[in-house]
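These notes are about the structure you will find just below.
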Amino acid sequence: MTANERRALDATLAALPDRLRLVLELRFLTEPGWTLKQLGERLGVSQQRAGQLQAGALWRVGCHLQRALGSGTGETPTDLRNGIAAVQELALRQLTALKRSGRGAEA
């Protein structure tokens, strides 16, 4: 992870609402990552709702990182599912790199 990527990800995470940031930290930045069931219990929501929160948080992070890092072509994907998957994959790659760099979340 480059310094620029790290700054962009830190800024993105800091800008998230507390609940969404908590979802990403517990799922991807703790060792071991929390399950959706555990996360749902912590937040007082169903496992399915926890998954929806995770998807929304990944979408926000991925979109912000695309803008901040200049990733992607800027074109609207012809297949919306592929576009969503690409944005979420970008967010997951950056969160995984952040975890590997030693910045884990305190649960």
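The values are calculated or read from the model by the stated rules, or taken from the named source; none is laboratory data. As the structure is a prediction and not an experimental result, all values here were calculated from the model. Neighbour counts run over all protein chains shown; Cβ positions are idealised from the backbone, glycine included.
Below, the figures for the structure above:
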read-out	value
All positions within the stretch 23-74 that are aromatic (F, W, Y) and surrounded by 16 or more Cβ atoms within 10 Å (Cβ to Cβ)	F28, W34
In the stretch 6-54, the residues that are of a type in the set (G, A, S) and either under 29 Å from L69 (Cα atoms) or assigned to a helix (DSSP H, G or I) (or both)	A8, A11, A14, A15, G33, G40, A50, G51
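One line per residue, one yes/no per condition, for (1) out of contact with any Phe, Trp or Tyr (no Cβ under 9 Å at 6 or more places or on another chain); (2) small (G, A, S); (3) modelled with pLDDT of 95 or more:
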site	(1), (2), (3)
A8	yes, yes, no
A14	yes, yes, no
L20	yes, no, yes
L29	yes, no, no
R42	no, no, yes
Q47	yes, no, yes
